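S.K.: First the structure, then my questions, so here it is.
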Amino acid sequence: MNLSVAVDIGGTKFAAGLVDKSGRIVDRVATRVPNRANAEELFELVAEIVSQQIDRATNHHGGQPLVVGVGSAGPITRNVESISPLNLLGWRDFPLRQRLVDLTGLPVFGDGDAKALALAEGWRGAAKGYNSFIAMVVSTGVGGGIVLNGRLLDGETGNAGHIGHVIVEPDGRRCDCGARGCLEAEASGPAIEAITGRPPTQPTYEIMQRTGRLVGRAVASVVNLLDLPLAVVGGGVALGFGATFFQAAQDELDELCGLQFARGARIVPAKLGDAGPLVGAGAIGWRGMRRAGISID
């Protein structure tokens, strides 16, 4: 059994797993990220869980790891040659790809975490069968990945789809990117806690509605711009807020998408839940192998 070693780099949690060619997660492990960890401490956490999964691939599952696929919070440079996640202050221009190559001896391919989610949800999730859609993560940060006419958009530097920095509240809160009123500065978990004084795990009805409306507002801009019929939303904040969030987001989308081609666009929960980031990271690994002309059989 050939396996992709999947790595998910989030703002508060790192995860690693083993994904087969059908998108099935064979094994997985996660670790919390200390608030003030420096660059080497952060990589030691990644190295520990990746090494553990490689060992389990061969010694527990009788499989063969062929590649490492990475989905990382951004900004990133192409193929995670370097990463600078806004919520991981210890990593600025960190050379993640080369460090993972040195650690594993395997080919390493990477992309943004929300772009990984887009691959996962289009492969096995809520966007299966759609040629055009956006997938989003609303969690510690807010990111997105866009599939247009069957192709995952990269952009000039690989950061296409960064919906977290669409302005939804003019003159709103200052974002880590320097702008004011970005979706990430208004609707991410840390933003919600800063605004309300309550952790996002203890939301009021009003904050669930407000967050949903802001996400719907950002999605409407993208739907109107790119003619997308579907937005798939995952992440701890969105999925934790549940039906109240999704109804408010859909109502806002319906109100703001008046053009004939945009009417009827839908916002739905990510189907794969917390498995999505690892399935997507595994998919990035398999896609990288195919693009490089390396056999995965």
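The values are calculated or read from the model by the stated rules, or taken from the named source; none is laboratory data. Given the structure is predicted, the values throughout are model-derived calculations rather than measurements. We place every Cβ from the backbone using ideal geometry, glycine too, and count neighbours over all the protein chains shown.
S.K.: Is it the case that GLY161 is over 23 Å from PRO203 (Cβ atoms), surrounded by fewer than 16 Cβ atoms within 10 Å (Cβ to Cβ), at pLDDT below 95 and in the same structural domain as VAL215 (by TED's automatic domain parsing)? Talk me through it step by step, then tell me what you get.
M.R.: Working: over 23 Å from PRO203 (Cβ atoms): yes; surrounded by fewer than 16 Cβ atoms within 10 Å (Cβ to Cβ): no; at pLDDT below 95: yes; in the same structural domain as VAL215 (by TED's automatic domain parsing): yes.
No; evaluated as a whole, the condition is false for this residue.
S.K.: Please go through segment 230-255 and give me each residue that is surrounded by 16 or more Cβ atoms within 10 Å (Cβ to Cβ) and either over 20 Å from GLN209 (Cβ atoms) or of a type in the set (A, V, I, L, M) (or both), ordered by number.
M.R.: Answer for segment 230-255, where residues must be surrounded by 16 or more Cβ atoms within 10 Å (Cβ to Cβ) and either over 20 Å from GLN209 (Cβ atoms) or of a type in the set (A, V, I, L, M) (or both): LEU230, ALA231, VAL232, VAL233, VAL237, ALA238, LEU239, ALA248, ALA249, LEU253.
S.K.: Sticking with this structure for a sec: Going by what's in this entry, would ALA116 be described as touching a residue at least 60 places away in the same chain (Cβ under 8 Å) and under 28 Å from GLN64 (Cα atoms)?
M.R.: So ALA116 fits the description; yes.
S.K.: Name the residue that is nearest to PHE133 (Cα to Cα), counting only residues in segment 146-194 that are free of Cβ contacts under 8 Å to residues at least 12 places away in the same chain and outside any loop (DSSP other than H, G, I, E, B).
M.R.: The extreme case among them is ARG151.
S.K.: Could you list, in sequence order, all residues of segment 73-83 that are surrounded by 17 or more Cβ atoms within 10 Å (Cβ to Cβ) and without any contact (Cβ under 8 Å) to a residue 24 or more places away in the chain?
M.R.: SER82
S.K.: Go through segment 103-122 and give me each residue that's more than 20 Å from SER295 (Cβ to Cβ), surrounded by 24 or more Cβ atoms within 10 Å (Cβ to Cβ) and not small (Gly, Ala, Ser).
M.R.: ASP111, ASP113, LYS115, LEU117, LEU119, GLU121
S.K.: Any residue in segment 259-266 that is in the same structural domain as PHE133 (by TED's automatic domain parsing), under 27 Å from GLY189 (Cα atoms), in a helix (DSSP H, G or I) and out of contact with any helix residue (DSSP H, G or I) (no Cβ under 6 Å at 6 or more places or on another chain)?
M.R.: no
Each row is one residue, and each column tells you yes or no for (1) of a type in the set (Asp, Glu); (2) under 13 Å from LEU3 (Cβ atoms).
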position: SER22; (1), (2): no, yes
position: PHE43; (1), (2): no, no
position: GLN52; (1), (2): no, no
position: ASP55; (1), (2): yes, yes
position: GLY62; (1), (2): no, yes
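S.K.: Something else: When the residues of segment 35-72 are filtered to those that are among the polar types (S, T, N, Q) and closer than 30 Å to VAL142 by Cα, which remaining residue is surrounded by the most Cβ atoms within 10 Å (Cβ to Cβ)?
M.R.: SER72
S.K.: Looking at ASP254, ASP227, can you tell me which residue is in contact (Cβ under 8 Å) with a residue 12 or more places away in the chain and charged (D, E, K, R)?
M.R.: Exactly one residue qualifies, and that residue is ASP227.
S.K.: Another question, if that's okay. If I filter segment 126-145 down to residues being aliphatic (A, V, I, L, M) and in a strand (DSSP E or B), which single residue comes out as surrounded by the fewest Cβ atoms within 10 Å (Cβ to Cβ)?
M.R.: Applying the filter and picking the extreme gives ILE134.
S.K.: Only one of (1) part of a loop (DSSP other than H, G, I, E, B); (2) in contact (Cβ under 8 Å) with a residue 40 or more places away in the chain is not met by VAL219, so which one is it?
M.R.: (1)
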